[in-house]
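Visitor: This structure is in C-alpha cells; I'll ask about it shortly.
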Amino acid sequence: MSRLVLGLGLTGLGLLLVVLGAFWLPHEAEALSGPPLAPPSWAHPFGTDWFGRDVLSRVMAGGRASWAVATLALAAGGTLGTLLGLVAGYFPGLGASLLLRAADALLAFPPVLLALLLAVLLGPGVPGVAVALALFNLPYFARLAHAGTLELRTREFVLAARSLGAGPGHILLRHALPNLASPLLVQATFSLATSLLAEAALSYLGLGVPPPHPTWGRMLGEAQTHLFRSPWPAVFPGLVLTGSVLGLNLLGDFLRDRLDPRLRRLP
Amino acid sequence: MLRFLLIRTAAMVATGLVVAMAAFIGLTVIPGDAARLMVGPEATPERYEAARRALGLDRPWHARLADWLGRALRGDLGTSWRYPGWPVAALLGQGLQVTFPLALLATLLAFLLGGLLGVASAARLGQPQDLLLSGLAQLGLALPEFWLGILFLLVFSVRLQLLPATGFPGWEAERAWAHLLLPGLTLALPRVAYFARLTRAVLADLLALEFVRTARAKGLPEGRVLFWHALRNALLPLTAALGLTFGRLLGGALVVERVFSLPGLGKYALEAALGRDLPLLLGVAVLVAAAVTAVSTAAEILYGFLDPRIRAP
C-alpha cells in the first residue's frame, strides 16, 4: 500500500509541476530574472542558472518536452509492439518468428546508440529521438503480447468465439487484448520510466528538443559546465527527474502485484 | 554438446551478419545521398561527382554491401571522414582502450557489491534490513546515470578534491586508472541495484526448495546453507547477467563517458553521429552489436554447458 502512496505522490508531484507549468510559471523560463547562479531563496526556490534564469520555472517548462516525448514514444512503440505480438502469437510460423527475431535484434543496440543512429537518418531533433525511443520500447510489448496470445489461442473461450464465427481481428482485439491488458499496463508503467530516463540522457547529449526551450537533460548538462561555481542548478532538475522515475517504478511494482495474482510477491 | 555448440555459434554468426547488413542498409542505402552529406550542400558538381565515385555510390547497393561486408570480415572497416586518413578499426581500438577497462570495472563492481547485498537481503527476507536494501535498490534503478556522474564529480572532485575531474591522460600517464574510478562507480551503481535485486529474487526462490530444507534439517549452519548450497545454484543466472551487463556496457557507457570527457567508444559514436561520419558510426554500431551478440551467445553456451536440460533438442 505504501508503494502506491509513495509512487503516486512522487510521480504526481513531478507531473503536477509539469502540468502547472503549462499554465503558469513563477518567472518566464527563458528570461533573466535574477543574479546568475544564485542559491535557493524565496524568490527562486531552486536558485538561478548561469544566465540568471529561474531554475524552478525552467524545470516546470522543461518537463513538458520530456514527458511529451516519452509518452509519445511509449504510445507508438507500445501500440505497434502489441499489435505485432498479437498477430505473431495468433499466427505462429516462420514469418512470425522472423518478425519477433527482428524486434529482438533491436535490443542488440543500447537505446542511446540506437538514437544516435537515427539522429543521422532523421536529424538530431525530436523526431529522431521519439522514433528511437519507440523502437526501444517496441520489443518488450511484442514479446509480452506474443507470449500471452500464444497461450490464449488454445483456451476454450477463444475456441468458442472462433466456432461462433468470429474472425481473427475480433478475437485478437475483443478477447485476447483485454486479457493481456494487465501485464501490458504494468510494462507501460516501467517503459514510461525508462523512456523518461532515456530522453533525459539524449537531451543531455544535445539530441532532441533544440534550445532555447529547456529540457531536464540539457539543463543538467549546462549546470555541469558551471559545477565549480555553483552546485545548485545541477541538483534540482535531477531530483525532479529521479523522483518521477522512482514513483513510476514503484507504481509499476504495485500494479504488477495487484493485477497479477499468479505472480507470487516476494515477502 | 557439440551439436548444441555448433547451432548456437551458427545462430550467433547469422545474427551478427543480419545486424551488420541491417546497419549498413539503414545508414548508407536508405538515407540516399552519402556523397552530399560528405561534401555539403554548397559543393560544386565536380566535387560532388568525385565524392560519389570515391564512395563507390555509382555502383548498385548490393554490390557495395557485399564489398563492405567482405572487407569488414577481414577487419577493414574503411576510413573515417572526420579524422581523414584514420582507419575506422584503429579509432575503435583507441576507444576500446578506455571503454573496455571501464566496462569491466563497472561490471565487476556491480556483480560483487550487488551480489553481496542480494545475499544479505535474501538472508533476511521481509525484515527491516531487507526492506531498506530493497528501497535503496529502487532508488539506484531510478537515478539517471549522467546525473549520478555529475553528483559524484560535485562531491569527489569539486568538494573533496580527491579524484581527477574529467578527461583521460592515456595509459602511459601516472595514476591513469584514477580517471576511470569515478566513471566506473557511476556506471556500477544502477547495476549494483540490478544485481542485488536479481540475486535476492533467485536466492529467495531457491531458499524455498526442498534441498535447502534438507540442508537446514541436517543442522548445517545458516551461513553454509546460504553460501554453499543456495548461492552455488544461483551462480548460473548471475554469471549470465554478468556477461550481458558487460556486453551492453561496451555500447551503453556513452553518456557517462561524455560526463567525464573520456575518449572511449562513446566519444567516437557521438562525434560520428553529430559530424555525420558514416564509416565510423557504422563501425561503432557493428562492433557493439557484435559484442552484445557474442556475449549473449557465450551466456547461452555456458547455460547449456552447466545445465544439460537446456542443450537437449
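Visitor: Could you list, in sequence order, all residues of segment B:226-253 that are among the aliphatic types (A, V, I, L, M) and at pLDDT 85 or above? Quick ask: steps written out before the conclusion?
Guide: Narrowing segment B:226-253 to residues among the aliphatic types (A, V, I, L, M): B:226, B:230-231, B:234-236, B:238, B:240-242, B:244, B:249-250, B:253.
Result: B:LEU238, B:ALA241, B:LEU242, B:LEU249, B:LEU250, B:ALA253.
Visitor: Can you say whether A:ARG174 is more than 11 Å from chain B (Cβ to nearest Cβ), under 20 Å from the mean Cα position of the chain (by Cα) and either within 23 Å of A:VAL18 (Cβ to Cβ) or surrounded by fewer than 22 Cβ atoms within 10 Å (Cβ to Cβ) (or both), as far as the supplied structure shows?
Guide: Values: more than 11 Å from chain B (Cβ to nearest Cβ): yes; under 20 Å from the mean Cα position of the chain (by Cα): no; either within 23 Å of A:VAL18 (Cβ to Cβ) or surrounded by fewer than 22 Cβ atoms within 10 Å (Cβ to Cβ) (or both): yes.
When the stated conditions are applied, A:ARG174 does not pass them.
Visitor: Looking for whichever is surrounded by fewer than 16 Cβ atoms within 10 Å (Cβ to Cβ) and out of contact with any Leu (no Cβ under 6 Å at 6 or more places or on another chain) here; the options are B:LEU206, B:LEU220, B:LEU187. Which one fits? Steps first, answer last, please.
Guide: Values: B:LEU206 fails: surrounded by fewer than 16 Cβ atoms within 10 Å (Cβ to Cβ); B:LEU187 fails: surrounded by fewer than 16 Cβ atoms within 10 Å (Cβ to Cβ).
Matching residue, one of B:LEU206, B:LEU220, B:LEU187: B:LEU220.
Residue-by-condition table, conditions (1) under 20 Å from the mean Cα position of the chain (by Cα); (2) modelled with pLDDT under 80; (3) closer than 28 Å to B:GLU145 by Cα; (4) away from chain A (no Cβ under 14 Å):
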{"residue": "B:ASP33", "(1), (2), (3), (4)": "no, yes, no, no"}
{"residue": "B:ALA66", "(1), (2), (3), (4)": "no, no, no, yes"}
{"residue": "B:ARG71", "(1), (2), (3), (4)": "no, no, no, yes"}
{"residue": "B:TRP86", "(1), (2), (3), (4)": "no, no, no, yes"}
{"residue": "B:LEU92", "(1), (2), (3), (4)": "yes, no, yes, no"}
{"residue": "B:GLN97", "(1), (2), (3), (4)": "yes, no, yes, yes"}
{"residue": "B:LEU104", "(1), (2), (3), (4)": "yes, no, yes, yes"}
{"residue": "B:LEU109", "(1), (2), (3), (4)": "yes, no, yes, yes"}
{"residue": "B:GLY118", "(1), (2), (3), (4)": "no, no, yes, no"}
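Visitor: Looking at this structure, is A:LEU250 at the interface with another protein chain (Cβ under 8 Å from one of its Cβ atoms), in contact with a Pro (Cβ under 6 Å, 6 or more places away or on another chain) and buried (at least 24 other Cβ atoms within 10 Å of the Cβ)?
Guide: Numbers: at the interface with another protein chain (Cβ under 8 Å from one of its Cβ atoms): yes; in contact with a Pro (Cβ under 6 Å, 6 or more places away or on another chain): no; buried (at least 24 other Cβ atoms within 10 Å of the Cβ): yes.
Spelling it out, it is not the case that A:LEU250 is at the interface with another protein chain (Cβ under 8 Å from one of its Cβ atoms), in contact with a Pro (Cβ under 6 Å, 6 or more places away or on another chain) and buried (at least 24 other Cβ atoms within 10 Å of the Cβ).
Visitor: Another question, then. Scanning for something farther than 30 Å from A:VAL186 by Cα, modelled with pLDDT under 85 and within 14 Å of chain B (Cβ to nearest Cβ), does segment A:97-117 turn up at least one residue?
Guide: So the first thing to find is which residues in segment A:97-117 are farther than 30 Å from A:VAL186 by Cα, and the list is none.
The answer is no, given that none of the residues of segment A:97-117 is farther than 30 Å from A:VAL186 by Cα, modelled with pLDDT under 85 and within 14 Å of chain B (Cβ to nearest Cβ).
Visitor: Considering segment B:276-291 alone, what residues qualify as being more than 12 Å from the chain's Cα centre (by Cα) and more than 10 Å from chain A (Cβ to nearest Cβ)?
Guide: Listed by number, the residues that qualify are B:PRO279, B:LEU280, B:GLY283, B:VAL286.
Visitor: Among the listed residues B:ALA193, B:ALA188, B:ALA204, which satisfies the condition of being within 16 Å of B:ARG232 (Cα to Cα) and either acidic (Asp, Glu) or part of a helix (DSSP H, G or I) (or both)? Talk me through it step by step, then tell me what you get.
Guide: On the way: B:ALA193 fails: within 16 Å of B:ARG232 (Cα to Cα); B:ALA188 fails: within 16 Å of B:ARG232 (Cα to Cα).
After applying the criteria, what remains is B:ALA204.
Visitor: Take the conditions part of a helix (DSSP H, G or I) and either farther than 30 Å from B:LEU278 by Cβ or modelled with pLDDT of 80 or more (or both) and apply them to A:VAL120. Does it pass?
Guide: Details: part of a helix (DSSP H, G or I): yes; either farther than 30 Å from B:LEU278 by Cβ or modelled with pLDDT of 80 or more (or both): no.
In short, no.
Visitor: Here's a check for you: in segment A:118-133, which residue that is in contact (Cβ under 8 Å) with a residue 12 or more places away in the chain and crowded, with 21+ Cβ neighbours inside 10 Å is farthest from A:LEU177 (Cα to Cα)? Talk me through it step by step, then tell me what you get.
Guide: Let us first name the residues in segment A:118-133 that are in contact (Cβ under 8 Å) with a residue 12 or more places away in the chain, namely A:118-119, A:124-126, A:128-133.
With crowded, with 21+ Cβ neighbours inside 10 Å added as a condition, the list becomes A:118-119, A:128-130, A:132-133.
Values: A:LEU118: 31, A:ALA119: 34, A:GLY128: 30, A:VAL129: 28, A:ALA130: 25, A:ALA132: 25, A:LEU133: 23 Å.
Applying the filter and picking the extreme gives A:ALA119.
Visitor: Among the residues of segment A:224-244, is there at least one that is modelled with pLDDT of 85 or more, within 13 Å of chain B (Cβ to nearest Cβ), crowded, with 21+ Cβ neighbours inside 10 Å and not in a helix (DSSP H, G or I)?
Guide: No, that holds for no residue.
The values are calculated or read from the model by the stated rules, or taken from the named source; none is laboratory data. Treat the numbers as computed from the prediction; the structure is a model and nothing was measured. Cβ atoms come from the backbone with ideal geometry, glycine included; neighbour counts cover every protein chain shown.
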